[in-house]
Amino acid sequence: MTIVLVVAVDAEAAAVGTREGVHVVTAGVGRTNAAIATTLAAQKDQVHAVISVGVAGALPGSNLNIGDLIGANFCVYAEEGIETPTGFQDMSAIGFSLGDFLGNDVPCDPHLIQAVQNLVPIGRIATVATCSGTDEAADRIAARTGCVAEAMEGAAVVHTARRLGVPAIEIRAISNTTGNRESQKWDLPAAFSTLQDALPPILDRLLAVNPE
């Protein structure tokens, strides 16, 4: 059985490293690349689970610090919906469905969440096409989604795996703050170090899980 790790860029792939039973796929940035790569990888025989792995930005009010690890219970499409004079409405509010889940919230596999929840804090992670480079944008994403962090691929990875019947989850290391670009704080090496140190016990645990 194999766990597929879907990362966006080579630096994330280098951070997660290689090991027996784990296949790392560098998809490219964004939801389309992530969905294509996940589809190709998850169709291989005996894929045990898919994990969207990489770095993320901490959203306002999250209490997340750079270098922290966060796992998702829901990967939330932050932008699918409609802007109206009275505010944003998600897919459920406008009467359309993205899949076999409510609104914009793609659920991660409950067995995988249960397996890792004592190794990594669990929360909602937003999937954005446009990262939050102003305070207004960061506040809007946090309020709209209830998420603690944002990245660019997770919902697409977990959604695709769900469609293919493969358990999936998103796990991220915080590399930066969000908000006004000029005042953001970044430390990619700290985030990569977190992934390098924290993933092995998580993968050990997930390799022992038999999701139903």
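Screening the candidates SER62, SER52 for the property of being open to solvent by less than 60 Å² (accessible area, probe 1.4 Å) and within 24 Å of ALA208 (Cα to Cα) yields one hit, SER52. Every listed requirement among (1) in a strand (DSSP E or B); (2) touching a Ser or Thr at 6+ places or on another chain (Cβ under 8 Å) is met by ASN176 save one, (2).
Residues that are under 17 Å from the mean Cα position of the chain (by Cα), open to solvent by less than 20 Å² (accessible area, probe 1.4 Å) and among the β-branched types (Val, Ile, Thr) are absent from the range 189-199.
The set of residues in the range 18-44 being modelled with pLDDT of 95 or more and assigned to a loop (DSSP other than H, G, I, E, B) consists of ALA27, GLY28, VAL29, GLY30. A single member of ALA126, ALA137 is surrounded by 16 or more Cβ atoms within 10 Å (Cβ to Cβ), closer than 21 Å to VAL6 by Cα and modelled with pLDDT of 95 or more, and it is ALA126. Among the residues of the range 143-152, the ones that are open to solvent by 20 Å² or more (accessible area, probe 1.4 Å), touching a residue at least 40 places away in the same chain (Cβ under 8 Å) and in a helix (DSSP H, G or I) come to 1 in all.
The C-beta contact set for the range 73-87 (first residue in a strand (DSSP E or B), second residue at pLDDT 95 or above and acidic (Asp, Glu), distance under 6 angstrom, 6+ apart or interchain) comprises PHE74/ASP105; CYS75/GLU170; VAL76/ASP105. Working only within the range 153-183, note down all residues that are more than 23 Å from LEU206 (Cβ to Cβ), in contact (Cβ under 8 Å) with a residue 60 or more places away in the chain and open to solvent by 20 Å² or more (accessible area, probe 1.4 Å). Answer for the range 153-183, where residues must be more than 23 Å from LEU206 (Cβ to Cβ), in contact (Cβ under 8 Å) with a residue 60 or more places away in the chain and open to solvent by 20 Å² or more (accessible area, probe 1.4 Å): THR177, THR178. A single entry from GLY67, GLY154, GLY123, GLY71 fulfils the requirement of being within 29 Å of TRP186 (Cβ to Cβ) and touching a Pro at 6+ places or on another chain (Cβ under 8 Å): GLY71.
Does ALA155 satisfy the criteria of being under 13 Å from VAL53 (Cβ atoms) and at pLDDT 95 or above? Answer is no for this residue.
Among residues of the range 97-110 that are without any contact (Cβ under 8 Å) to a residue 24 or more places away in the chain and within 15 Å of ALA126 (Cα to Cα), those with a beta-carbon under 7 Å from a residue that is in a loop (DSSP other than H, G, I, E, B) and among the hydrophobic types (A, V, I, L, M, F, W, C) at least six positions away or on a different chain give the pairs GLY103/MET91.
The values are calculated or read from the model by the stated rules, or taken from the named source; none is laboratory data. All values reported here derive from a predicted model rather than from experimental measurement. Using ideal geometry, Cβ is built from the backbone for each residue, glycine included, and neighbour counts are taken over all protein chains shown. All accessible areas refer to the heavy atoms of the entire protein, side chains included, with ligands and DNA or RNA removed. Shrake-Rupley method; radii C 1.70, N 1.55, O 1.52, S 1.80 Å.
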